[in-house]
Every structure is written in structure tokens, then in C-alpha cells.
1. Just grab the label-to-label distance for A:Asn43 and A:Ala115, each label 7 Å out from Cα along the Cβ direction, in nm (one decimal).
2. Considering only DSSP beta bridges whose two residues both sit in the protein assembly as shown, what percent are antiparallel, to the nearest 5?
3. Arrange the peptides B:48-58, B:248-258 so that the one whose residues have, on average, the most other Cβ atoms within 10 Å appears first.
4. Report the one residue of B:Ala101, B:Ala133, B:Val157 whose Cα lies farthest in the direction of the positive end of the charge dipole of region B:96-186 (charges on C-beta: Lys and Arg +1, Asp and Glu -1; origin at the Cα centre).
5. Among the helices of chain B (complete DSSP H runs), which have Cα atoms covering no less than 18 Å along the helix axis and a Kyte-Doolittle mean of at least -1.0?
6. As a test of the definition: with a 1.4 Å probe, what buried accessible area, both sides summed, do you compute for B against A, in Å² to the nearest 100?
7. Put +1 on the Cβ of every Lys and Arg and -1 on every Asp and Glu Cβ in chain A; which of A:Val178, A:Leu132, A:Gln149 then has its Cα farthest towards the positive end of the dipole?
8. Report the residue, chosen from B:Gly64, B:Gly37, B:Gly138, that carries the largest GNM mean-square fluctuation when chain B is represented by alpha-carbon nodes joined by springs under 10 Å.
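The values are calculated or read from the model by the stated rules, or taken from the named source; none is laboratory data. Predicted model, so just to flag it, every value in this text is computed and none were measured. Backbone-built Cβ (ideal geometry, glycine too); neighbour counts: all protein chains shown. Remember, those area values only see protein heavy atoms, side chains included, never the ligands or the DNA or RNA. Shrake-Rupley method; radii C 1.70, N 1.55, O 1.52, S 1.80 Å.
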Amino acid sequence: MSTAATHALDIAGLNAGYGRFDVIRDIALRVGKGEAVGLLGPNGAGKTTVLRSVMGLIRQRRGTIRVAGTDVVAMAPFRIARGLAAMAPEGRRLFLDQTVEDNLLLGGLHLRRDAARQERLLASVYELFPVLKGYRRRLSAALSGGEQQMVAIGRMLMSDPEIMLLDEPSVALSPVAVDIVVRALIELRKRGASILLVEQRIDVATRVCDRLYIMTHGEVVEEMTPDTARGAGMSLINKYLG
Amino acid sequence: MLQFVASGIAIGCVYGMIGMALAITFYVTRIINFAQGQLMMVTVMVTAEVTGLGYSAWLGVVAGLACSCIIGVLSYLIAVRPILAFNRFGFGWLVSTLGFAVMVENGAAWLWGPTSIPFPTILNNTSVHFGEAAVLTGQQILAIATALIAAVVFEVVRKRTLFGKIGMATAADPEMASAFGVNTTTVAIVAFAASALLAGLAGVMIGPSTFANPYLGDTFGTYGFIAMMIGGGTERPVAALYGGILLGLSAEGANALINSRASDWFPFLVLALILVVSPRGLFSSQSPLMRRRVAAAAR
Ligand SMILES: Nc1ncnc2c1ncn2[C@@H]1O[C@H](COP(=O)(O)OP(=O)(O)OP(=O)(O)O)[C@@H](O)[C@H]1O
Ligand SMILES: [Mg+2]
């Protein structure tokens, strides 16, 4: 087995953007199998663009993006979605006119002929977020923000992906809801998931992650441990995130 | 009195089917296929041709519907997909689908000449009496039944099957649908085939009374568009059927109660009035009529 295959996600020399400009340049980052890695940075740094590139949602991308050893840089999103990568996107973007359970099932389309595996995944989502089980037949539009974020994370889990991409899951949530999301992510890590977590809240990222990257102006500028980040505290915020 | 209501509903169901056909492709791709009327015409012409060659009407209908489906899918691959790939939010499709309509229409006129050719009568020579009040041909009854069945089938597929749910997800957020494994091109191809099938069925219903003419698509495409707009089919494809029935009723009503020319302008007046009162159509989820129901359903 090559060394690349031991990483859940291995990005090297990635440039991507919209229209005439590349908004991220020469990105290199790695997420080991079973590792949780944070990607922090101010508004407009290009964090979402990195995640969207991995998912194949940005056509204008060059470099290498390996998911569990497979280069996905030229693949269509619907192929990448078949067990390689899955995301809980910025703004949640649930299918609001459909029920909670239908949203979850739409997350695992490529497993639709493997009913047993789909049942297990569904059960594990309800185990992670017990409230959702009671709401399974509700329209997802009728849920609170925190509950919608749980559905977004659950939908991501349903494809049993090699790498999980989360884009600011804490945004616009109450402190209680943030805590539920953080606990769920810690639980996922315990279950062996590989996670790339985009965050603006350092406290959330340090509680969940093994390692952190800092991004500004389209480039990864620093890599550190959660302890260093906690130690640096306000000075880190002032330097990069303010 | 009852007579114009009955025949209004019948012709309205034909307009409604074309409206639903427009709405189904709009639902999935957010574009209006201005070649929809021409897709209806293709079924009519091919059915007439095959029957004229001496084969049975049913074989003609099947061949006609198949041709419409094929050309419908082609309209997507040629006139829609490349345009949307270039700019998903532009209006290039307006020109390209109109251009496709012109091509199909001129192709048909070149093949069959500009004059009408006979169409099989199907059920047009049978009639059903509703007491003293109204008479409908078997063909008109068939049109109503077909439209209702099509609407029910569409809703059942949309709400109860996985493919329908995939279609709803694609309609709501195509990018997220693709991020969860949906091949949105396949979904669009199926939607265009289904919508061509529906337009073709409308053609089979109306053919016995209009005969087969290459320019049929213009009028019926326009009426189908109005049906979709007043019904609010851009948000709920089935609403286009209600719009079609309303349109048929107002055209036949104007004919019976004002004079025989009124059916040319009265429906447009109705359209304008409805769009002033409810810009998104009478039966859309945003209309004053429906808002309360939607709120109740969400609870
Ligand atoms: N669809 C788009 N078209 C053009 N430019 C875009 C588009 N989306 C993002 N950008 C630009 O790309 C840059 C990076 O955006 P991105 O969304 O990746 O930042 P981000 O780090 O996720 O920010 P935030 O924390 O606000 O979500 C920004 O300057 C933004 O203006
Ligand atoms: Mg972002």
C-alpha cells in the first residue's frame, strides 16, 4: 500500500476558483484515517472553496486531491459522493420540502440496493441524534436550526464516506445546540471517522480536532496543535481570525 | 349551460396536459421549453402518417409518442444542456428552445407539407349523454380521464418513489443533489422524456378534431403556457392542470355567453387578471388561495 492510501484526504498543489481568478492557491493539507482536522480562517479566506473542491462542486480546480488514495480531481460530484467524500455544507442546505428521513435516505443513494447497510447507518444516525427519530416524518423545513444541522450531519453520514467535510456546523446555533453538535463530532471521531472541519470558532475546533490548519487569503499559512491554539488564545484571533 | 362547462373541461384538460408538460421540465431544470407545443405536434404528425400507411391507430399512437420522447430528449441535449453548462442563470435557453421549435416545425412542414392530413378518429365518433344537459364525445371523456390519470401518476411518483424524491431534491437544489450522488443529467433526461410523453398524449386527445398540421404546436404551446402560468405550475406541476381547466372553461364560456370571437381574447383577459391578483398563479403555494393550506400542512 502506498503512503498516500493511508490518508483519508491528501491535497497537494490545489488551485481553484470561480471565473477568472483562483481564490485558493497551492493548498496542501492532509487528514489521516481516523483523524479530525480543523481548517480555520476569517471570512473569505477560501475555506468553503477547499471543501467544495474536494466534493467536485468547483469545476475550475487543478492539483491533486486524493480521497483514500483515489484521485478525485477530475471526477464528477455524483461519483465522488459514492462513498468517497460527503459534506454537511455551509448553510445546511437540506431538502426542505422533504421529510427528515427522506433527507437522510437521499444522503446514501449509492447504497440504495444494500438495505441492511442503509438500515444500520440510519440506526446509527438516530443513535447519535435521538431527537431526530421522533421527527423522522416531519418536513425538515419545520425543524429548528439545531435540529436541521443534525439532519445535515446525519445526511452526510448516510453515504458512509471515507472523509467527512463539515462547513461551519456551529454557525447561528444556540450554545446548547453547539454543544450537541460538538459532542456528536467527538463521538464520530471515536467511531473512527475521518473529519475535515471548517470553523471560525476556535473553541469548537480545539474540542474536536487533533490538528489545525489556519488559512487566510486563499493560502494555508500555519499548522498547529489544539494546545498551541488554546495557548495562543486571543493573539491567534487577533492575528488571523479577527 | 352545462354543455360549455363540459366541453370547457375537456379542452382544458388538453391545455392542462401541455401545461403540466412544460411545468415538469421547468420543475427540474428551471427553464421553459418553448418547443413543447412542437413536441405535441410531432406525435400528431407521426400518428397520422403511420395510420395513413395502413397500420392500426394504436400502433400509430405508440410510434408518435416514441418520436416525441426522442425529440424531447434531443431538445434537452441540444438546446438546453449546453446552454445551462455555459451559464446556469442566463436566458440563452429562451433563444435556443425557440430555435429548436422553429427547426422542428419547419422540418415537419417540409416533410408533410403545410396542409392538414387526416388523423385517426379514435373515440371521436362515440358520444356520451349526460341527461338532457350535455353531450361529450368519447374522445373528450378520454382526454379528461387521461389528464387526471397523468396528474395522479405524476404526484404518486413524485411523493412516493425514490426517483420522485430524487427529482424533488434536484428541483430544489441541483448542486446539493449532485453532492449526494444524483446524476442530474439523467434526472433531466427522464423529465424531458416524461414531459414529451405528456405533450404527445395531449396531441392524441386533440388530433381527431384538429387533424394533423405542422403548425399545431404554436397555438397549443401558447395555451399550454397560459395554463401553466395561471395555474401556478412553475411551483407545482399539477397546478397547471387546474390552470388548463380554468382556461378551457373561460374560452368555451366566452364562446357560449359572449360571442364566437370572444374565445380569442377573453382567456387572455382572465390570464392578466389572475396574474395581477396572484402573480405566481392561482394554485401555487404562494397564492392567497393556497397559503393557508400550505401553512397547515407544515404543522
Ligand atoms: N460563487 C462564487 N463566485 C465568485 N467568487 C466567489 C464565489 N464563492 C466565493 N467566492 C469568493 O471566493 C473567496 C473565498 O470564498 P469562500 O466562500 O471559500 O470563503 P470562506 O473562507 O468559506 O468564508 P466564510 O467564512 O465567510 O464562509 C471569497 O473572496 C469569495 O468572495
Ligand atoms: Mg465558508
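1. 4.9 nm
2. Values: 27 of 44 bridges.
In the protein assembly as shown, approximately 60 percent of DSSP beta bridges are antiparallel ones.
3. Details: B:48-58: 15.7, B:248-258: 19.6.
Highest-to-lowest ranking by the protection proxy: B:248-258, B:48-58.
4. With unit charges placed on the Cβ atoms, the residue in question is B:Val157.
5. Values: long enough: B:2-29 (40 Å, 1.69); B:36-52 (24 Å, 0.86); B:57-74 (25 Å, 2.25); B:92-112 (30 Å, 1.03); B:138-160 (32 Å, 1.10); B:184-210 (39 Å, 1.60); B:216-231 (22 Å, 1.01); B:239-257 (26 Å, 1.15); B:262-277 (22 Å, 2.17).
For chain B, where a helix must reach 18 Å along its axis and average at least -1.0, the hits are B:2-29, B:36-52, B:57-74, B:92-112, B:138-160, B:184-210, B:216-231, B:239-257, B:262-277.
6. Numbers: alone 14220 and 11240 Å², together 23550 Å².
Summing both sides, the interface buries roughly 1900 Å².
7. Sorting the options by dipole projection puts first A:Leu132.
8. The residue with the greatest mean-square fluctuation here is B:Gly138.
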